[in-house]
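Trainee: Questions regarding the structure given below will be posed in turn.
The values are calculated or read from the model by the stated rules, or taken from the named source; none is laboratory data. Just so you know, these numbers come straight off a predicted model, no measurement behind them. Positions of Cβ are backbone-derived with ideal geometry, glycine not excepted, and every protein chain shown enters the neighbour counts. When the accessible area is computed, the model is the full protein with side chains, heavy atoms only, and any ligands, DNA or RNA have been set aside. Shrake-Rupley method; radii C 1.70, N 1.55, O 1.52, S 1.80 Å.
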Amino acid sequence: MNNEPNSLIDQANFSLDTAKADLDLHEAELEAAQSRYNDAKSRYDDAMQRFLEADLLRVCRWNQMYHKFVQWKEDHNGDTIVQTTKNSSDDVKKLAKWVQNQRVFYKYYINGDTKHIKQHRITALDNLGFVWNVFEHQWNANFEELKQYYAEKKTFEVPKRQNSKLATFVLTMRNAMKKRNEGIVVQKDVTLTEERIDKLNSINFHWGLKRPPRKQKAPAINMLTDYDQQYQLLASFKEEYGHLKVSKMLQEWVKGESEPSNKEYKRLPAFVAAIKKEHDAYQEGKPSILNEERVEQLTALGIKWKKPLNEPRKNTRSKEEDPNRETRKRRKTDDEAGDSAYEATAVNI
(Lines give C-alpha, C1' and ligand atoms only; values in the text may rest on other atoms or scores of the structure.)
Protein backbone atom coordinates (compact mmCIF):
# COMPACT_ATOMS: atom_id res chain seq x y z
CA MET A 1 0.00 0.00 0.00
CA ASN A 2 2.88 2.37 0.79
CA ASN A 3 4.33 1.93 -2.71
CA GLU A 4 1.07 2.85 -4.47
CA PRO A 5 1.58 6.68 -4.39
CA ASN A 6 5.11 6.32 -5.75
CA SER A 7 3.81 4.11 -8.53
CA LEU A 8 1.20 6.69 -9.50
CA ILE A 9 3.82 9.44 -9.49
CA ASP A 10 6.08 7.36 -11.73
CA GLN A 11 3.23 6.77 -14.15
CA ALA A 12 2.41 10.48 -14.19
CA ASN A 13 6.07 11.38 -14.81
CA PHE A 14 6.24 8.86 -17.65
CA SER A 15 3.08 10.31 -19.23
CA LEU A 16 4.47 13.81 -18.83
CA ASP A 17 7.77 12.84 -20.46
CA THR A 18 5.94 11.12 -23.32
CA ALA A 19 3.69 14.14 -23.86
CA LYS A 20 6.70 16.47 -23.79
CA ALA A 21 8.49 14.35 -26.36
CA ASP A 22 5.39 14.42 -28.59
CA LEU A 23 5.15 18.17 -28.15
CA ASP A 24 8.81 18.64 -29.10
CA LEU A 25 8.27 16.44 -32.16
CA HIS A 26 5.18 18.37 -33.29
CA GLU A 27 6.89 21.71 -32.68
CA ALA A 28 9.74 20.56 -34.90
CA GLU A 29 7.25 19.44 -37.54
CA LEU A 30 5.41 22.76 -37.25
CA GLU A 31 8.66 24.69 -37.62
CA ALA A 32 9.56 22.64 -40.70
CA ALA A 33 6.06 23.19 -42.13
CA GLN A 34 6.34 26.92 -41.46
CA SER A 35 9.67 26.99 -43.24
CA ARG A 36 8.20 25.16 -46.24
CA TYR A 37 5.24 27.56 -46.24
CA ASN A 38 7.51 30.61 -46.17
CA ASP A 39 9.58 29.16 -49.00
CA ALA A 40 6.47 28.41 -51.08
CA LYS A 41 5.05 31.87 -50.41
CA SER A 42 8.30 33.50 -51.44
CA ARG A 43 8.29 31.54 -54.71
CA TYR A 44 4.64 32.45 -55.25
CA ASP A 45 5.31 36.15 -54.63
CA ASP A 46 8.24 36.07 -57.06
CA ALA A 47 6.13 34.33 -59.69
CA MET A 48 3.24 36.76 -59.16
CA GLN A 49 5.59 39.72 -59.52
CA ARG A 50 6.95 38.35 -62.80
CA PHE A 51 3.39 37.73 -63.98
CA LEU A 52 2.34 41.26 -63.07
CA GLU A 53 5.29 42.77 -64.90
CA ALA A 54 4.56 40.69 -67.98
CA ASP A 55 0.80 41.29 -67.88
CA LEU A 56 1.23 45.05 -67.58
CA LEU A 57 3.21 45.03 -70.84
CA ARG A 58 0.24 43.72 -72.81
CA VAL A 59 -1.53 46.18 -75.07
CA CYS A 60 -5.07 46.67 -73.72
CA ARG A 61 -7.20 49.54 -72.48
CA TRP A 62 -6.83 48.65 -68.78
CA ASN A 63 -3.03 48.67 -69.03
CA GLN A 64 -3.08 51.97 -70.94
CA MET A 65 -5.14 53.60 -68.18
CA TYR A 66 -2.95 51.96 -65.51
CA HIS A 67 0.20 53.53 -66.97
CA LYS A 68 -1.57 56.91 -67.21
CA PHE A 69 -2.44 56.51 -63.53
CA VAL A 70 1.22 55.76 -62.72
CA GLN A 71 2.26 58.91 -64.59
CA TRP A 72 -0.40 60.95 -62.79
CA LYS A 73 0.91 59.80 -59.43
CA GLU A 74 4.48 60.75 -60.37
CA ASP A 75 3.40 64.18 -61.65
CA HIS A 76 1.13 65.03 -58.69
CA ASN A 77 3.23 64.34 -55.62
CA GLY A 78 1.98 60.79 -55.05
CA ASP A 79 -1.75 61.61 -55.41
CA THR A 80 -3.92 58.54 -56.05
CA ILE A 81 -7.37 60.14 -55.71
CA VAL A 82 -7.47 61.95 -59.09
CA GLN A 83 -10.04 64.65 -58.38
CA THR A 84 -11.34 66.80 -61.21
CA THR A 85 -12.57 70.36 -61.60
CA LYS A 86 -14.61 72.08 -64.30
CA ASN A 87 -11.32 73.14 -65.91
CA SER A 88 -9.86 69.61 -66.02
CA SER A 89 -8.95 68.24 -69.43
CA ASP A 90 -10.88 65.40 -71.04
CA ASP A 91 -7.93 63.06 -70.44
CA VAL A 92 -7.94 63.83 -66.72
CA LYS A 93 -11.71 63.31 -66.55
CA LYS A 94 -11.38 59.96 -68.30
CA LEU A 95 -8.64 58.92 -65.88
CA ALA A 96 -10.77 60.00 -62.88
CA LYS A 97 -13.69 57.96 -64.23
CA TRP A 98 -11.45 54.94 -64.68
CA VAL A 99 -10.20 55.28 -61.09
CA GLN A 100 -13.78 55.49 -59.81
CA ASN A 101 -14.70 52.39 -61.80
CA GLN A 102 -11.86 50.41 -60.21
CA ARG A 103 -13.26 51.27 -56.78
CA VAL A 104 -16.72 50.09 -57.82
CA PHE A 105 -15.30 46.90 -59.32
CA TYR A 106 -13.39 46.23 -56.10
CA LYS A 107 -16.63 46.43 -54.11
CA TYR A 108 -18.09 43.86 -56.50
CA TYR A 109 -14.98 41.71 -56.06
CA ILE A 110 -15.08 41.56 -52.27
CA ASN A 111 -18.77 40.62 -52.53
CA GLY A 112 -17.99 37.64 -54.74
CA ASP A 113 -18.45 39.14 -58.22
CA THR A 114 -14.96 38.72 -59.71
CA LYS A 115 -15.67 39.21 -63.41
CA HIS A 116 -15.00 42.97 -63.38
CA ILE A 117 -11.50 43.00 -61.91
CA LYS A 118 -8.99 40.24 -61.16
CA GLN A 119 -6.76 39.72 -58.15
CA HIS A 120 -3.52 40.45 -60.01
CA ARG A 121 -4.82 43.85 -61.08
CA ILE A 122 -5.92 44.62 -57.52
CA THR A 123 -2.38 43.71 -56.44
CA ALA A 124 -0.91 45.98 -59.11
CA LEU A 125 -2.98 48.90 -57.85
CA ASP A 126 -2.21 48.04 -54.21
CA ASN A 127 1.49 48.29 -55.05
CA LEU A 128 0.87 51.91 -56.07
CA GLY A 129 -0.99 52.75 -52.85
CA PHE A 130 -4.36 52.91 -54.60
CA VAL A 131 -7.16 54.34 -52.43
CA TRP A 132 -10.12 51.96 -52.55
CA ASN A 133 -12.29 53.92 -50.13
CA VAL A 134 -11.98 57.69 -50.51
CA PHE A 135 -14.15 58.51 -47.49
CA GLU A 136 -12.13 56.22 -45.21
CA HIS A 137 -8.93 57.70 -46.60
CA GLN A 138 -10.12 61.26 -45.93
CA TRP A 139 -11.26 60.34 -42.41
CA ASN A 140 -7.86 58.83 -41.61
CA ALA A 141 -6.11 61.90 -43.04
CA ASN A 142 -8.24 64.15 -40.82
CA PHE A 143 -7.53 61.94 -37.81
CA GLU A 144 -3.78 62.10 -38.37
CA GLU A 145 -3.97 65.88 -38.77
CA LEU A 146 -5.97 66.16 -35.53
CA LYS A 147 -3.48 63.91 -33.76
CA GLN A 148 -0.64 66.18 -34.86
CA TYR A 149 -2.60 69.30 -33.91
CA TYR A 150 -3.18 67.98 -30.38
CA ALA A 151 0.47 67.03 -30.01
CA GLU A 152 1.44 70.64 -30.78
CA LYS A 153 -1.41 72.62 -29.17
CA LYS A 154 -2.50 70.28 -26.33
CA THR A 155 -6.16 70.94 -27.19
CA PHE A 156 -8.84 69.65 -29.53
CA GLU A 157 -10.56 73.05 -29.81
CA VAL A 158 -9.68 74.03 -33.38
CA PRO A 159 -10.62 77.62 -34.36
CA LYS A 160 -12.63 77.56 -37.57
CA ARG A 161 -10.89 80.65 -38.93
CA GLN A 162 -7.55 78.90 -38.43
CA ASN A 163 -8.40 75.49 -39.95
CA SER A 164 -11.95 75.23 -41.22
CA LYS A 165 -11.63 71.63 -42.45
CA LEU A 166 -10.22 70.27 -39.19
CA ALA A 167 -12.68 72.28 -37.07
CA THR A 168 -15.57 70.82 -39.08
CA PHE A 169 -14.16 67.32 -38.60
CA VAL A 170 -14.04 67.77 -34.80
CA LEU A 171 -17.59 69.14 -34.70
CA THR A 172 -18.90 66.32 -36.89
CA MET A 173 -17.39 63.66 -34.61
CA ARG A 174 -18.85 65.29 -31.50
CA ASN A 175 -22.31 65.66 -33.05
CA ALA A 176 -22.23 62.03 -34.16
CA MET A 177 -21.38 60.89 -30.62
CA LYS A 178 -24.09 63.14 -29.19
CA LYS A 179 -26.72 61.52 -31.43
CA ARG A 180 -25.37 58.10 -30.55
CA ASN A 181 -25.67 58.79 -26.81
CA GLU A 182 -29.19 60.19 -27.20
CA GLY A 183 -30.28 57.01 -28.97
CA ILE A 184 -31.24 58.77 -32.18
CA VAL A 185 -31.65 56.08 -34.81
CA VAL A 186 -29.99 56.88 -38.13
CA GLN A 187 -30.81 54.66 -41.09
CA LYS A 188 -27.27 54.52 -42.42
CA ASP A 189 -24.63 56.16 -40.26
CA VAL A 190 -21.01 55.35 -41.00
CA THR A 191 -19.71 58.62 -39.53
CA LEU A 192 -18.74 57.11 -36.19
CA THR A 193 -18.03 53.38 -36.22
CA GLU A 194 -16.67 51.45 -33.24
CA GLU A 195 -13.24 51.40 -34.87
CA ARG A 196 -13.24 55.18 -35.25
CA ILE A 197 -14.37 55.66 -31.66
CA ASP A 198 -11.45 53.50 -30.50
CA LYS A 199 -8.99 55.51 -32.60
CA LEU A 200 -10.24 58.82 -31.23
CA ASN A 201 -10.23 57.48 -27.68
CA SER A 202 -6.62 56.37 -28.19
CA ILE A 203 -5.57 60.04 -28.39
CA ASN A 204 -7.87 61.01 -25.47
CA PHE A 205 -10.24 62.95 -27.71
CA HIS A 206 -12.63 65.23 -25.81
CA TRP A 207 -16.15 64.37 -26.94
CA GLY A 208 -17.83 67.34 -25.28
CA LEU A 209 -17.52 71.03 -26.01
CA LYS A 210 -15.77 73.06 -23.33
CA ARG A 211 -18.31 75.86 -23.69
CA PRO A 212 -22.03 75.49 -24.42
CA PRO A 213 -23.36 76.69 -27.77
CA ARG A 214 -24.55 80.29 -27.80
CA LYS A 215 -28.07 79.42 -28.86
CA GLN A 216 -29.79 76.66 -26.95
CA LYS A 217 -31.87 74.51 -29.27
CA ALA A 218 -34.74 72.23 -28.35
CA PRO A 219 -33.49 68.74 -27.45
CA ALA A 220 -33.50 66.30 -30.33
CA ILE A 221 -36.24 63.70 -30.53
CA ASN A 222 -35.11 60.41 -29.04
CA MET A 223 -36.91 57.84 -31.16
CA LEU A 224 -36.27 55.08 -28.64
CA THR A 225 -37.91 56.81 -25.70
CA ASP A 226 -40.12 59.53 -27.21
CA TYR A 227 -42.01 57.53 -29.82
CA ASP A 228 -45.25 57.05 -27.85
CA GLN A 229 -45.34 60.71 -26.79
CA GLN A 230 -44.68 61.93 -30.33
CA TYR A 231 -47.29 59.56 -31.76
CA GLN A 232 -49.94 60.90 -29.39
CA LEU A 233 -48.90 64.43 -30.35
CA LEU A 234 -49.29 63.55 -34.03
CA ALA A 235 -52.71 62.02 -33.40
CA SER A 236 -53.73 65.19 -31.55
CA PHE A 237 -52.55 67.29 -34.50
CA LYS A 238 -54.60 65.14 -36.90
CA GLU A 239 -57.70 65.51 -34.74
CA GLU A 240 -57.30 69.28 -34.55
CA TYR A 241 -56.31 70.08 -38.15
CA GLY A 242 -57.86 67.13 -40.00
CA HIS A 243 -54.65 66.24 -41.87
CA LEU A 244 -51.00 65.33 -41.37
CA LYS A 245 -49.39 68.09 -43.45
CA VAL A 246 -47.07 69.02 -40.60
CA SER A 247 -44.31 70.46 -42.80
CA LYS A 248 -46.74 72.79 -44.58
CA MET A 249 -48.10 74.02 -41.24
CA LEU A 250 -44.56 74.55 -39.94
CA GLN A 251 -43.85 76.88 -42.88
CA GLU A 252 -46.93 78.92 -41.98
CA TRP A 253 -45.88 79.11 -38.34
CA VAL A 254 -42.33 80.15 -39.22
CA LYS A 255 -43.63 82.89 -41.54
CA GLY A 256 -45.97 84.11 -38.82
CA GLU A 257 -49.09 83.42 -40.89
CA SER A 258 -50.59 81.47 -37.99
CA GLU A 259 -49.72 80.13 -34.55
CA PRO A 260 -49.83 76.51 -33.38
CA SER A 261 -52.16 75.74 -30.50
CA ASN A 262 -49.38 73.57 -29.10
CA LYS A 263 -45.75 74.64 -29.53
CA GLU A 264 -44.70 70.99 -29.50
CA TYR A 265 -46.39 70.63 -32.91
CA LYS A 266 -43.34 72.36 -34.40
CA ARG A 267 -41.31 69.21 -33.74
CA LEU A 268 -43.66 66.92 -35.64
CA PRO A 269 -42.01 67.32 -39.10
CA ALA A 270 -38.79 65.89 -37.68
CA PHE A 271 -40.73 63.01 -36.11
CA VAL A 272 -42.59 62.19 -39.35
CA ALA A 273 -39.36 62.31 -41.35
CA ALA A 274 -37.68 60.02 -38.82
CA ILE A 275 -40.44 57.40 -38.82
CA LYS A 276 -40.41 57.31 -42.64
CA LYS A 277 -36.69 56.54 -42.54
CA GLU A 278 -37.38 53.92 -39.90
CA HIS A 279 -40.07 52.45 -42.18
CA ASP A 280 -37.54 52.15 -45.03
CA ALA A 281 -35.21 50.29 -42.70
CA TYR A 282 -38.09 48.11 -41.46
CA GLN A 283 -39.03 47.12 -45.03
CA GLU A 284 -35.41 46.24 -45.80
CA GLY A 285 -35.19 44.02 -42.73
CA LYS A 286 -32.73 46.33 -40.98
CA PRO A 287 -32.86 47.32 -37.28
CA SER A 288 -35.76 49.71 -36.71
CA ILE A 289 -37.92 51.03 -33.89
CA LEU A 290 -40.99 50.11 -35.94
CA ASN A 291 -42.78 46.79 -35.84
CA GLU A 292 -45.88 45.46 -37.56
CA GLU A 293 -48.22 46.89 -34.93
CA ARG A 294 -46.71 50.38 -35.09
CA VAL A 295 -46.73 50.38 -38.91
CA GLU A 296 -50.44 49.48 -38.91
CA GLN A 297 -51.07 52.14 -36.27
CA LEU A 298 -49.31 54.85 -38.26
CA THR A 299 -50.94 53.78 -41.54
CA ALA A 300 -54.37 53.95 -39.96
CA LEU A 301 -53.55 57.45 -38.71
CA GLY A 302 -52.85 58.54 -42.29
CA ILE A 303 -49.07 58.34 -42.78
CA LYS A 304 -48.22 57.91 -46.47
CA TRP A 305 -45.32 55.50 -46.97
CA LYS A 306 -42.95 55.35 -49.91
CA LYS A 307 -44.13 52.76 -52.43
CA PRO A 308 -41.99 49.60 -52.74
CA LEU A 309 -39.91 49.45 -55.91
CA ASN A 310 -41.93 46.49 -57.22
CA GLU A 311 -45.20 48.46 -57.20
CA PRO A 312 -46.18 50.29 -60.42
CA ARG A 313 -45.85 54.09 -60.42
CA LYS A 314 -48.08 56.63 -62.05
CA ASN A 315 -48.20 56.40 -65.86
CA THR A 316 -46.34 53.08 -65.87
CA ARG A 317 -49.28 50.85 -66.77
CA SER A 318 -49.08 48.74 -69.88
CA LYS A 319 -51.31 49.51 -72.86
CA GLU A 320 -53.58 46.61 -71.94
CA GLU A 321 -53.97 47.86 -68.34
CA ASP A 322 -54.85 51.47 -69.33
CA PRO A 323 -58.68 51.75 -69.54
CA ASN A 324 -58.55 55.31 -70.93
CA ARG A 325 -56.11 54.62 -73.76
CA GLU A 326 -58.78 54.31 -76.47
CA THR A 327 -60.55 57.47 -75.25
CA ARG A 328 -57.34 59.50 -75.45
CA LYS A 329 -56.62 58.03 -78.88
CA ARG A 330 -60.05 59.14 -80.19
CA ARG A 331 -59.57 62.60 -78.72
CA LYS A 332 -56.20 62.91 -80.41
CA THR A 333 -57.73 61.85 -83.76
CA ASP A 334 -60.57 64.36 -83.35
CA ASP A 335 -58.11 67.12 -82.46
CA GLU A 336 -55.98 66.36 -85.51
CA ALA A 337 -59.08 66.33 -87.74
CA GLY A 338 -60.19 69.66 -86.28
CA ASP A 339 -56.74 71.16 -86.92
CA SER A 340 -56.82 69.95 -90.53
CA ALA A 341 -60.30 71.44 -91.07
CA TYR A 342 -59.15 74.75 -89.61
CA GLU A 343 -56.11 74.86 -91.88
CA ALA A 344 -58.25 74.08 -94.94
CA THR A 345 -60.68 76.85 -93.99
CA ALA A 346 -57.84 79.29 -93.47
CA VAL A 347 -56.47 78.54 -96.95
CA ASN A 348 -59.93 79.03 -98.60
CA ILE A 349 -60.32 82.36 -96.85
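Trainee: With every protein chain left in place, what is the accessible area per residue of region 13-129 in square angstrom, probe 1.4 Å? Write out the running numbers ahead of the final one.
Mentor: Numbers: 8490 Å² over 117 residues.
On a per-residue basis, region 13-129 sits at 73 Å².
Trainee: Ignoring any ligand, DNA or RNA, what whole percent of the accessible area of region 32-149 comes from carbon and sulfur when the probe is 1.4 angstrom? Write out the running numbers ahead of the final one.
Mentor: Working: 4000 of 7860 Å².
Percent of accessible area from carbon and sulfur atoms in region 32-149: 51.
Trainee: Give me the one-decimal nm value for the distance between modelled label points at GLN297 and LYS68, 7 Å along each residue's Cα-to-Cβ direction.
Mentor: Those two pseudo-labels are separated by 5.8 nm.
Trainee: Go through region 48-57 residue by residue and turn each phi into a ³J(HN,Hα) via Karplus (6.51, -1.76, 1.60, θ = phi - 60°); whole Hz please, and just put x for glycine and proline.
Mentor: For region 48-57, the Karplus curve yields 5, 5, 5, 5, 4, 4, 6, 5, 6, 8 Hz.
Trainee: Here's another thing I want to ask about it. How much length, in nm to one decimal, is gained on full extension between SER7 and ALA54, taken as 0.36 nm per residue of separation minus their Cα-Cα distance?
Mentor: Values: separation 47, 0.36 × 47 = 16.92 nm, distance 6.98 nm.
Taking SER7 through ALA54 to full extension adds about 9.9 nm, to one decimal.
Trainee: Run the numbers for GLU152 and ALA96: contour at 0.36 nm per residue of separation, minus the present Cα-Cα distance, in nm.
Mentor: Working: separation 56, 0.36 × 56 = 20.16 nm, distance 3.60 nm.
Gain on extension, GLU152 to ALA96, equals 16.6 nm.
Trainee: Right, here's the next one. Do me a favour and compute the ellipsoid semi-axes for region 49-185 from its Cα gyration tensor, root of five times each eigenvalue, largest one first, whole Å.
Mentor: The three semi-axes for region 49-185 are 36, 19, 15 Å.
Trainee: Spelling out what I want: for every residue of region 290-306, take phi, set θ = phi - 60°, compute 6.51 cos²θ - 1.76 cosθ + 1.60 (Karplus), and round to whole Hz; glycine and proline get x.
Mentor: Here the 3J(HN,Hα) series is 8, 9, 4, 5, 5, 4, 5, 5, 6, 5, 5, 6, x, 5, 9, 8, 5 Hz.
Trainee: Out of region 83-132, which trypsin sites (Lys or Arg not before Pro) are coil in DSSP terms and have no more than 11 other C-beta atoms within 10 Å?
Mentor: LYS86, LYS115
Trainee: Turning to a different aspect of this structure: Leaving ligands, DNA and RNA out of it, rank TYR106, TYR44 by accessible area with a 1.4 Å probe, largest first.
Mentor: Working: TYR106 65, TYR44 130 Å².
Highest to lowest solvent-accessible surface, that is TYR44, TYR106.
Trainee: Related question: Of all trypsin sites (Lys or Arg not before Pro) in region 1-58, which ones are in loop regions per DSSP and have a Cβ with at most 10 other Cβ atoms within 10 Å? Working shown, then result.
Mentor: Numbers: sites: LYS20, ARG36, LYS41, ARG43, ARG50, ARG58; in loops: ARG58.
For trypsin sites (Lys or Arg not before Pro) across region 1-58 that sit outside H, G, I, E and B with at most 10 neighbouring Cβ atoms in 10 Å, the list reads ARG58.
Trainee: Can you tell me the FRET efficiency between LYS20 and ASP46 if r is taken as the Cβ-Cβ distance and R0 is 45 Å, rounded to the nearest 0.05? If you can, show how the numbers build up before the last one.
Mentor: On the way: r = 39 Å, r/R0 = 0.87.
E(calc), rounded to 0.05, equals 0.70.
Trainee: Quick one: of LYS179/LYS199; LYS199/LYS286; LYS165/LYS276; LYS179/LYS266, which pairs are farther than 29 Å apart, Cα to Cα? Before the final figure, lay out the partial values.
Mentor: On the way: LYS179/LYS199 19 Å; LYS199/LYS286 27 Å; LYS165/LYS276 32 Å; LYS179/LYS266 20 Å.
Cα-Cα > 29 Å for LYS165/LYS276; rest within.
Trainee: Please give me, ordered by residue number, the trypsin sites (Lys or Arg not before Pro) of region 129-160 that lie in loop per DSSP and have at most 14 other Cβ atoms within 10 Å.
Mentor: Working: sites: LYS147, LYS153, LYS154, LYS160; in loops: LYS154, LYS160.
Sites meeting the loop and neighbour criteria: LYS154, LYS160.
Trainee: Rolling a 1.4 angstrom probe over the protein chains, ignoring ligands and nucleic acids, what is the accessible area of SER202 in square angstrom, nearest 10?
Mentor: For SER202, the solvent-accessible surface is approximately 80 Å².
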